[in-house]
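Chemist: Sharing a structure, written as structure tokens. Questions coming.
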Amino acid sequence: MLQAIDLHKKFKTKEAVRKVNMQLEAGESVGLLGPNGAGKSTTISMLSSLIMPTNGEVLWNNVSVNKNPEALRKALGVVPQEIALYPELSAKENLHFFGRIYGLKGQLLVERTEEILQKIGLTDRKNDIVKTFSGGMKRRLNIGAALLHNPSILIMDEPTVGIDPQSRAYILDTVKQLVEEGMTLLYTSHYMEEVELLCDKIYIMDQGEIIAYGTKETLKSLVSDNQTIELKAHILSQKFEEALKKYFPTANIRKEDEILLITMPQNEEPLATIFAIAAKNAVTITSAIVKVPSLEDVFLHLTGRALRD
Amino acid sequence: MKGIWLARLQNLKRKPLVLISMTVMTIIFAYILSGGVGSSITLLVATDDTDMSNKVLERLQHEDDYSITVLSEAELQEVMKEKRDKIGLQLQEKTYSVLVDIESDVVRMLSLEVVTIYNELAFQEQIITNAGESKWEEVEESMAEEPSFLLKKSSMDESQVFRYDGALQSLFGFMLYFVFYTISINVQFILEDKRTGIWNRLKLASISRFQLYFGHLSFSYLIGLIQMLLVIFLFRFIIGTNMYGGFWKVVVISSVYVLLVMAFSLFIISLVKTVSQSSVIISLLAVAFAMIGGAYWPLEIVQSEGLLALKWISPIYYGMEALKRVTIYGETLGGVFSYICMMILLAILLIVIGITLLEKRTERYHSSE
């Protein structure tokens with residue numbers, strides 16, 4: 001178990017991280033969500049023993065990482081935000097290099113390299129020089145280099161920045177597979193949909209502080225338990241609106257710019273009823289969108305700013 | 001550390017151009033600007049065909065310092081009339097004449113050398129005449145075992161004498177200048193590894209900071225040293241440049257100079273953020289240091305007091321002075337001890353400052369997330 005207790009980091013006059021408390025249980029996938037400059041990378045650097053906190057402590061299986069980083073380092077794989085690879089070497093040479101650094105050698109090194117190449121889908125390109133790779137391939141190899149020594153906990157810092165949607169999907173699938181295989185994951189991103197897809201528990205960070213944490217559902221409930229249905233029709237008659245109000249007495253129904261907005265609790269499934277009422281009132285619905293709160297809304301609700309501002 | 005060396009070697013294998021081009025450029029510049037020949041003094045010698053003059057000629061031919069062309073007396077007179085930049089030497093039984101237009105330090109040393117040979121041969125002849133060949137062998141043996149006195153040849157106020165050897169000036173100058181680039185480009189890998197996150201990856205694999213710095217710096221040091229040694233060996237043993245018997249001293253000083261340049265490059269990369277910034281600074285400084293350090297021209301011809309005062313900040317100055325002193329001036333390593341010490345002390349200081357600043361920069365990388 002990896003635990004951060006009251007982590008605090010100050011660089012000269014700038015307070016990068018303030019009083020961060022986090023916990024990762026074995027096999028858990030945890031997201032760290034926040035905009036650029038929120039302090040995510042500094043937190044990760046402290047958690048992975050790269051930098052010392054100004055105050056507070058990191059514990060790995062109840063042993064202080066500040067005092068004894070070796071135990072954590074053996075079990076830890078880190079995928080940095082940068083492409084931490086030698087561009088002049090081939091994919092295989094890079095993996096061999098990082099494998100050797102972790103003490104792998106001989107047949108074990110060869111086997112492990114092949115396994116990783118297969119996992120990240122680069123077996124066919126293993127002898128190609130990294131600088132000839134696309135952004136997505138480099139990102140995949142960047143992940144592969146962190147998996148060579150078979151870590152039990154993986155920290156990923158924005159692993160999909162600046163790549164095409166296809167490579168992004170491939171990487172997310174790979175990570176999902178790792179989580180399913182039991183890997184403990186700490187995933188940082190400012191893409192809330194990635195965090196939503198991969199993580200059971202989410203910490204939201206802003207301006208150096210954890211501002212909220214919990215499961216997706218818990219966090220979303222901070223905004224609202226309601227859903228909003230947006231309806232567009234050829235003619236939205238007053239009669240139709242009244243019929244809806246009669247059928248859904250607890251719903252908030254209002255019209256904005258020729259769109260009918262119906263807000264009601266999420267546990268109701270009203271679409272079939274709405275379409276039936278529309279048919280009865282000779283209203284042709286041209287579009288219906290059901291909106292539930294997203295993590296973006298949660299962030300907006302908590303900070304008053306959008307995640308990608 | 002083995003892993004770092006391996007990665008650097010693989011990188012070098014893929015991108016050997018820097019090492020090759022810097023070595024080739026040193027060779028080309030030094031060779032062309034030194035006139036394309038070794039630095040032995042070309043002597044045109046004529047003898048009167050007596051036993052003594054022929055023996056003197058034979059002894060001179062064994063000296064590395066001279067490249068000798070033997071002519072008849074008439075030919076020598078004729079050539080010296082036309083080619084006034086040559087040094088002519090007319091050897092006779094009891095005396096000799098140096099035919100030269102301008103008196104110089106080289107001519108004075110040549111005269112001293114010839115006189116010494118005449119005296120030694122006369123002494124040998126006297127012994128043989130009076131006591132026989134076997135006695136001379138006995139004397140020669142005892143002299144070799146226990147010299148009764150030591151003759152040291154030196155000019156008055158040695159430090160004030162300006163000696164110039166164009167071949168060595170070009171060789172040392174360009175060698176010290178170009179190796180600056182080779183080493184700094186190699187040291188820049190530290191900056192690049194830190195920027196790309198490879199440094200952190202290695203730290204997470206429990207490689208200590210000492211191992212990381214030592215791995216990178218020792219590799220850069222070795223590459224720089226290999227380049228210098230290649231050039232020194234090539235000029236000494238293939239081109240035949242005269243190093244005045246100071247070959248091994250040149251090797252020792254070069255190895256200390258490489259350490260200083262490596263430390264200086266480390267210091268520079270600790271002041272900048274990117275490899276391109278460091279490349280620009282190093283290019284500017286290398287040229288400036290070569291100028292004020294006496295790589296392009298001997299500092300003895302520089303008149304500006306201001307420029308001369310700046311020489312102390314140039315690593316090239318220490319290397320250049322030490323190399324010239326152990327070769328052209330015939331000094332021992334002890335004689336250039338102050339330069340060697342200065343280079344080592346500066347290197348230690350710059351390494352300590354460089355690493356401290358780089359470590360602080362690592363913290364700043366995290367803070368600029």
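The values are calculated or read from the model by the stated rules, or taken from the named source; none is laboratory data. Everything quoted here is computed from the prediction, not taken from an experiment. All Cβ positions, glycine included, derive from the backbone under ideal geometry; neighbour counts span all protein chains shown. Side chains are part of the model used for accessible areas, which takes the heavy atoms of the whole protein and leaves out ligands, DNA and RNA. Shrake-Rupley method; radii C 1.70, N 1.55, O 1.52, S 1.80 Å.
Chemist: If I ask for residues that are more than 10 Å from every other protein chain (Cβ to nearest Cβ), at pLDDT 90 or above and not in a loop (DSSP other than H, G, I, E, B), which ones from segment A:33-62 would you list?
Modeler: Result: A:Leu47, A:Asn55, A:Gly56, A:Glu57, A:Val58, A:Leu59, A:Trp60.
Chemist: Let me ask you something else. So A:Gln81 ticks every box in (1) within 11 Å of chain B (Cβ to nearest Cβ); (2) in a strand (DSSP E or B) but one. Which box is left unticked?
Modeler: The failed condition is (2).
Chemist: Shifting gears a bit: I'd like to check something: does segment A:250-261 contain any residue that is in the same structural domain as A:Asn36 (by TED's automatic domain parsing) and part of a strand (DSSP E or B)?
Modeler: Looking for residues that are in the same structural domain as A:Asn36 (by TED's automatic domain parsing) and part of a strand (DSSP E or B), one finds none in segment A:250-261, hence no.
Chemist: So in segment A:138-171, with the set limited to residues that are open to solvent by 50 Å² or more (accessible area, probe 1.4 Å) and on the phi > 0 side of the Ramachandran plot, which one is modelled with the lowest pLDDT?
Modeler: Across segment A:138-171, the extreme among qualifying residues is A:Gly162.
Chemist: Let me ask something else. Name the single residue that is farthest from B:Leu9 (Cα to Cα) among those in segment B:209-218 being open to solvent by less than 50 Å² (accessible area, probe 1.4 Å) and away from every other protein chain (no Cβ under 14 Å).
Modeler: B:Tyr213
Chemist: Additional query: Applying the selection to segment A:88-122, what residues are buried (at least 17 other Cβ atoms within 10 Å of the Cβ) and within 10 Å of chain B (Cβ to nearest Cβ)?
Modeler: Scanning segment A:88-122 gives A:Glu88, A:Leu89, A:Ser90, A:Glu93, A:Asn94, A:His96, A:Phe97, A:Phe98, A:Gly99, A:Arg100, A:Ile101, A:Tyr102.
Chemist: Could you say whether any residue in segment A:1-17 is in contact with a His (Cβ under 7 Å, 6 or more places away or on another chain), in a strand (DSSP E or B) and modelled with pLDDT of 90 or more?
Modeler: yes
Chemist: For segment B:227-259, how many residues meet the condition of being in a helix (DSSP H, G or I) and in contact (Cβ under 8 Å) with a residue 24 or more places away in the chain?
Modeler: 19
Chemist: Evaluate segment A:193-216: report whether one residue or more is within 30 Å of A:Phe248 (Cβ to Cβ), over 10 Å from the mean Cα position of the chain (by Cα), not in a strand (DSSP E or B) and not hydrophobic (A, V, I, L, M, F, W, C).
Modeler: So far as segment A:193-216 goes, yes, one or more of its residues are within 30 Å of A:Phe248 (Cβ to Cβ), over 10 Å from the mean Cα position of the chain (by Cα), not in a strand (DSSP E or B) and not hydrophobic (A, V, I, L, M, F, W, C).
Chemist: Give me the residue from segment A:1-14 that is over 14 Å from A:Leu185 (Cβ atoms), more than 10 Å from chain B (Cβ to nearest Cβ) and touching a residue at least 12 places away in the same chain (Cβ under 8 Å) and, out of that set, surrounded by the most Cβ atoms within 10 Å (Cβ to Cβ).
Modeler: Filtering segment A:1-14 for residues that are over 14 Å from A:Leu185 (Cβ atoms), more than 10 Å from chain B (Cβ to nearest Cβ) and touching a residue at least 12 places away in the same chain (Cβ under 8 Å), the one surrounded by the most Cβ atoms within 10 Å (Cβ to Cβ) comes out as A:Leu7.
Chemist: I need the full set of residues from segment A:154-184 which are closer than 14 Å to A:Ile143 by Cβ and assigned to a strand (DSSP E or B), in order please.
Modeler: Across segment A:154-184, the qualifying residues are A:Leu154, A:Ile155, A:Met156, A:Asp157.
Chemist: Evaluate segment B:194-208: report whether one residue or more is part of a helix (DSSP H, G or I), more than 14 Å from chain A (Cβ to nearest Cβ) and open to solvent by 30 Å² or more (accessible area, probe 1.4 Å).
Modeler: no
Chemist: Please go through segment A:17-40 and pick out each residue that is open to solvent by 10 Å² or more (accessible area, probe 1.4 Å), in contact (Cβ under 8 Å) with a residue 60 or more places away in the chain and on the phi < 0 side of the Ramachandran plot.
Modeler: A:Arg18, A:Asn21, A:Glu25, A:Ala26, A:Glu28, A:Asn36
Chemist: Based on what the data block shows, is B:Phe247 under 30 Å from A:Ile155 (Cα atoms), in the same structural domain as B:Ala295 (by TED's automatic domain parsing) and not charged (D, E, K, R)?
Modeler: Spelling it out, it is not the case that B:Phe247 is under 30 Å from A:Ile155 (Cα atoms), in the same structural domain as B:Ala295 (by TED's automatic domain parsing) and not charged (D, E, K, R).
Chemist: Looking only at segment A:63-78, count every residue that is of a type in the set (A, V, I, L, M), within 11 Å of chain B (Cβ to nearest Cβ) and crowded, with 20+ Cβ neighbours inside 10 Å and tell me the total.
Modeler: 3
Chemist: Looking at this structure, is B:Ile292 under 30 Å from A:Ala146 (Cβ atoms) and among the hydrophobic types (A, V, I, L, M, F, W, C)?
Modeler: Answer is no for this residue.
Chemist: Can you work out which of the residues in segment A:123-144 that are among the basic types (Lys, Arg) and within 12 Å of chain B (Cβ to nearest Cβ) is farthest from B:Leu204 (Cα to Cα)?
Modeler: The residue in question is A:Lys131.
Chemist: Among the numbered conditions (1) open to solvent by 40 Å² or more (accessible area, probe 1.4 Å); (2) in a strand (DSSP E or B), tell me where A:Ala282 comes up short.
Modeler: Unmet for A:Ala282, out of (1) open to solvent by 40 Å² or more (accessible area, probe 1.4 Å); (2) in a strand (DSSP E or B): (2).
Chemist: Please count how many residues of segment B:252-282 are under 21 Å from the mean Cα position of the chain (by Cα) and not polar (S, T, N, Q).
Modeler: Residues that pass the stated criteria total 11.
Chemist: Among the residues in segment B:236-249, are any open to solvent by less than 10 Å² (accessible area, probe 1.4 Å), within 25 Å of B:Val336 (Cα to Cα) and not polar (S, T, N, Q)?
Modeler: yes
Chemist: Moving on to the next point. Keeping to segment B:44-96, report how many residues are farther than 23 Å from B:Ala122 by Cα, of a type in the set (Ser, Thr, Tyr) and outside any loop (DSSP other than H, G, I, E, B).
Modeler: So the answer is 2.
Chemist: What number of residues within segment A:84-111 are on the phi < 0 side of the Ramachandran plot and either outside any loop (DSSP other than H, G, I, E, B) or among the aromatic types (Phe, Trp, Tyr) (or both)?
Modeler: 19
Chemist: Counting only residues that are assigned by TED's automatic domain parsing to the domain that holds B:Lys249 and in contact (Cβ under 8 Å) with a residue 40 or more places away in the chain, give me the helices (runs of 4 or more DSSP H) lying completely in segment B:263-369 with at least 3 of them.
Modeler: B:275-292, B:315-327, B:337-367
Chemist: Do you know which residues across segment B:250-268 are crowded, with 21+ Cβ neighbours inside 10 Å and among the hydroxyl-bearing types (Ser, Thr, Tyr)?
Modeler: Across segment B:250-268, the qualifying residues are B:Ser254, B:Tyr257, B:Ser265.
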